[in-house]
Amino acid sequence: QVQLVESGGGLVQVGGSLRLSCAASGRTSRNYVMGWFRQAPGKEREFVAGISWGGSTYTVDSVKGRFTISRDNAKNTGYLQMNSLRPEVTAIYYCAARYSDYVSTYRREYDYWGQGTQVTVSS
């Protein structure tokens, strides 16, 4: 199993930046994909970005160019750098993991989840 802990959320003004971190522990010796999802009030949890063990990434079009996913396998930590933030990205951001070499955009294919971190962009 993998345990995930997110950090780095907070309140930021429009146009600002945040970097979310996801620290993994437990059985991290196997290749695992890290994904970032978000859930806004009254909406379904949705995929934002994912990265494989080898560094292959997929980012949804709505944040492409503003959000960058990365990971440091030696530290078992993943990151989501968020720039040019807009109010519509306000949500709880969740880190998730699945044992695979391929990024999936489907929530049901991730077995392990963090507790979430709140990101609020104020105008």
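The values are calculated or read from the model by the stated rules, or taken from the named source; none is laboratory data. Note that this is a predicted model, so its numbers are computed, not measured. Cβ placement follows ideal geometry from the backbone for every residue including glycine, while neighbour counts extend to all protein chains displayed. SASA here: full protein model, heavy atoms, side chains in, ligands and nucleic acids out. Shrake-Rupley method; radii C 1.70, N 1.55, O 1.52, S 1.80 Å.
Quick one: accessible surface of W36, probe radius 1.4 Å, all protein chains present, in square angstrom to the nearest 10.
0
Which semi-axes, in whole Å and largest first, does the equivalent ellipsoid of the chain have when worked out from the alpha carbon gyration tensor as the square roots of 5 times its eigenvalues? Walk me through the numbers on the way to the answer.
Numbers: eigenvalues 105, 37, 36 Å².
Equivalent-ellipsoid dimensions as semi-axes: 23, 14, 13 Å.
Roughly what would the spin-label model give for L11 and N83, points 7 Å off Cα along C-beta, in nm?
Label-label distance for L11 and N83, simple model: 2.6 nm.
Could you give the size of the charge dipole of the chain about its Cα centre, using +1 on the Cβ of each K and R and -1 on the Cβ of each D and E, expressed in debye and rounded to the nearest 20? Before the final figure, lay out the partial values.
Working: 14 positive and 9 negative charges, 16 e Å.
Magnitude of the dipole: close to 80 debye.
Report relative contact order for segment 9-63 in percent, whole number only (criteria: Cα-Cα under 8 Å, sequence separation at least 6).
On the way: 50 pairs, mean separation 12.3, N = 55.
It comes to 22 percent, rounded to a whole number.
Rounded to the nearest 5, what % of the DSSP beta bridges within the chain are antiparallel ones?
Percentage antiparallel, nearest 5: 90.
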